[in-house]
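Input: a single structure, listed below in structure tokens.
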């Protein structure tokens, strides 16, 4: 292990000392199990920084899973809607393979688009825990209508590049112990739900539309209004990557997410499954990107916009159920 000297003392530069696994079933073992379920599931694979220094990540108390890469000298900053947080490590790797001068210099955030817009309006400054930093974006990635609205409002510059589509599924714990058969079952009083927060997640409106298609306004109101009021619908505090966490912890029995998220959880071996929603009840989202007005790194931003609509980018997305966007 590489070591550095500080005031005459040699310090390990990369990682905290390993801690032996606690006996399964013991109080410490149960704590280890709960921490293992905690994001990031990719264990640092979405960090593009070349020099990572001391690794101080202790789930669930010291993690910053929606901030990726190094702030030291970024050459491209992307504010990315967190819907497909699990794809960006591979997307950035494919992008920097084509642009090696940018390797290790891409910084991106995967927060809900409503929160990213607030950060943009705040000059790029954000606080997480005791850390405050400023990083101004070059590119914003969000659902097509949001991107188009932000262009009209002067936050983003045309063109809006639309590149993929996605639809909704019901995410469930493996085995589906609540025996959920469709959207109508989400109105049951005995089921605790995880649902995206309509205050900053655009997908909440799309889910509400799907619920209305399945059971009218009565079902939508039951899931999002009545069950939120009585505490049997838990609204996400960040975005819907919290849904699989709560399913794994047994805190909820179902939640509606994008299909790609459920496929990802299944592929990495988490105890997650999903139930497809019929096309007549489903909603399709269009994923898009656009350059920020007065982007600090316009050439890199343009290169990313060219890349995100490419065959190389879609080869990363397609294994998770994304479809190619066709106008």
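A few points about this structure:
- Rounded to 0.05, the FRET efficiency of the residue 93 and residue 28 pair, given R0 = 41 Å and the Cβ-Cβ distance, is 0.70.
- Nitroxide proxy distance, nm - points 7 Å out along Cα→Cβ at residue 130 and residue 314: 4.9
- The convex hull around the C-alpha trace of the chain, projected and averaged over every direction, spans 19.1 square nanometres.
- For the chain, calculated [θ]222 nm from helices alone, where every DSSP H run of n ≥ 4 adds -39500 (n - 2.57): -8500 deg cm²/dmol
- Among beta bridges that DSSP assigns inside the chain, antiparallel share in %, nearest 5: 70
- Highest-fluctuation residue, 233, 96, 257 considered, GNM on the chain with Cα pairs under 10 Å: 96
- Residue exposure sequence - 179, 68 - by fewest surrounding Cβ within 10 Å: 179, 68
- Long-range tail of P(r) for the range 167-284 (Cα pairs > 22 Å, %): 21
- Estimated FRET transfer efficiency when R0 is 30 angstrom, pair residue 38-residue 199 (beta carbons, to 0.05): 0.80
- GNM flexibility winner over the chain from 94, 229, 210 (Cα, springs under 10 Å): 229
- Length available on full extension from residue 121 to residue 271: 0.36 nm per residue minus the Cα-Cα distance, which gives 50.1 nm.
- GNM remark for the chain: springs join alpha carbons under 10 Å apart, and the peak mean-square fluctuation among 66, 230, 48 falls on 230.
- Along principal axes, Cα extents of the range 67-127, largest first, whole Å: 32, 25, 14
- Fully extending the segment from residue 179 to residue 52 would add 41.3 nm, taking 0.36 nm per residue of separation and subtracting the current Cα-Cα distance.
Quick note: the coordinates plus some simple rules give every number you see, no bench work behind them. Every value quoted in this text rests on a predicted model; they were computed, and no experiment measured them. So basically every Cβ, Gly included, is an ideal-geometry build from the backbone, and we count neighbours across all protein chains shown.
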